[in-house]
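Below is one structure, written out as structure tokens, with a few remarks after it.
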Amino acid sequence: MLSHNQLVSAMQRAITLAHRGPADDINPQVGCVILNADGAIIAEGFHAGAGTDHAEIVALSNLDPGEDPATLTAVVTLEPCNHTGKTPPCADALVRSGIGTLVYGQPDLGEKSSGGATKLFTHGRLVIGGIESAATRKLLAGWRARSNITESGVVAKWAQSLDGRLAAADGTSQWITSAISRQHVHTQRALADVIITTTASVATDNPSLTARHSSGDLLVPPKDQPLPVIFGRGQVDPGAIIHRHPALQYRGWDRAPRFSGEHLADDFAELAKLVGYPPRIFIEAGPTFLNAVLAEQLADQLLIYTAPALLGGPHHVVEDVGVTTLAERLDYEFTGIHRLDTDLVTTLRKDH
């Protein structure tokens, strides 16, 4: 595995390449570099505008066919696309190439084009998103504004059994889903600007809320880790692990920020002041908080990990969200369904 410094340097080069593409095109400016096992750039490319090959395809075409693809790392400013437009999906091309690792800066939030990174993950590739997140966000800002694509939003995540339980009747819940699913959660954490938990979750689980490799090492450097924020009025142990989060240390803070959660919409809006822009918010909390977020229709996306097991019992994930009749139902649309080992990961978007 290449170091954070090597990946950051490669992403900075990819950003430089991206700027060679037209700044006002219908498509985003995207750059791509391919690194060998030592971290040296051995191929690169950028997107020259609508109708031309995407940056990943250009870089792959410049690659020496004698290289062992499994040892290579593709570093791209934007998550590889997952649909056929004027050109075929870059995610498919990367899968066919056999490249072992994908690193990208910003998620593709397009309704049709998203999901490329998860496709590569399901094919056994190491996937790291969120490297140089601020710089790649800035690179894409103009295109996203022209395209009406909002990078901020609230992602509500949970793991469940097939019958919608988050724990067995006796309360045991570790682990409902597979190790592969849990690692995928870490790839999603790395894409967030803010990660929310609650005082109850801190007291019960004492989570670190970092984005990590399966080895325990940080998946992305401290400046790209999600900022942990605690909601609730309960007591929080000053020695809780969350207070040692690398994103806090990077900012020189010794405590995770806290909000009461009494007015969720207002509190979520206040989170922009912590990071300097409207953030991508990732929620990792228990059912009480999740149900409150769902009831107020604050979740723009759902990320649900489902294990093929029946648990029964009282521990439902979704309980009262204010729906009393079918006409009041909260509608979402499926944007992706992927197999992760024995589990399914489902992504949904709020149906506006």
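Of note:
- Ranked by the mean number of other Cβ atoms within 10 Å of their residues, highest first, the peptides 280-287, 99-106 fall in the order 99-106, 280-287.
- Placing +1 on the Cβ of every Lys and Arg and -1 on the Cβ of every Asp and Glu, with no other charges, gives segment 49-130 a dipole of roughly 220 debye about its Cα centre.
- Stretchable slack from GLU270 to GLN297, in nm (0.36 nm times residue separation minus alpha-carbon distance): 8.0 nm
- Exposure proxy ranking, count of Cβ atoms within 10 Å, fewest first, for TRP175, TRP158: TRP175, TRP158
- Fraction of antiparallel bridges per DSSP, the chain only, in percent to nearest 5: 45 percent
- Whole-Å distance, taken between Cα centres, linking segment 303-352 and segment 73-114: 26 Å
- For segment 326-345, no residue has its backbone nitrogen under 12 Å from a point 7 Å from the Cα of ILE149, taken along Cα to Cβ.
- For the chain, the tally of Lys pairs with Cα-Cα distances below 19 Å comes to 7, considering only residues 8 or more apart or on different chains.
- Spin-label model, GLN249 to ALA135: label points 7 Å out along the Cα-to-beta-carbon direction sit 2.2 nm apart.
- Extension gain for TRP175-VAL323 works out to 50.3 nm (0.36 nm per residue, less the C-alpha to C-alpha distance).
- For segment 4-147: relative contact order, % (alpha-carbon pairs under 8 angstrom, 6 or more apart): 22 percent
- Fraction of antiparallel bridges per DSSP, segment 4-147 only, in percent to nearest 5: 50 percent
- If you wrap the tightest convex hull around every Cα atom of segment 4-147 and split its volume per residue, you get 91 Å³.
- With the simple model of a label 7 Å out from the Cα in the direction of the Cβ, LYS350 to ALA40 spans 5.0 nm.
- Diffusion coefficient (Stokes-Einstein, Kirkwood radius over C-alpha pairs, 4 °C, 1.567 mPa s) for the chain: 62 µm²/s, rounded to a whole number.
- Residue order for LEU344, LEU17, fewest other beta carbons within 10 angstrom first, comes to LEU344, LEU17.
- Calculated mean residue ellipticity at 222 nm for the chain: -8000 deg cm²/dmol, from DSSP H runs with n ≥ 4 weighted as -39500 (n - 2.57), summed, divided by the residue count and rounded to 500.
- 3J(HN,Hα) couplings calculated from phi for segment 66-75 with the Karplus curve 6.51 cos²θ - 1.76 cosθ + 1.60 (θ = phi - 60°) are, in sequence order, x, 6, 7, x, 5, 8, 9, 10, 8, 10 Hz; Gly and Pro show x.
- The dipole here belongs to segment 23-97: it is taken about the Cα centre, uses +1 on the Cβ of Lys and Arg and -1 on the Cβ of Asp and Glu, and is about 200 debye.
- Rounded Å value of the spacing that divides the Cα centres of segment 124-164 and segment 1-65: 19 Å
Bear in mind that the values in this text are calculations on the coordinates, not laboratory data. Because the structure is predicted, anything quoted here is derived from the model rather than measured. When we count neighbours, we look across all protein chains shown, and the Cβ atoms used for this are built from the backbone with ideal geometry, even at glycine.
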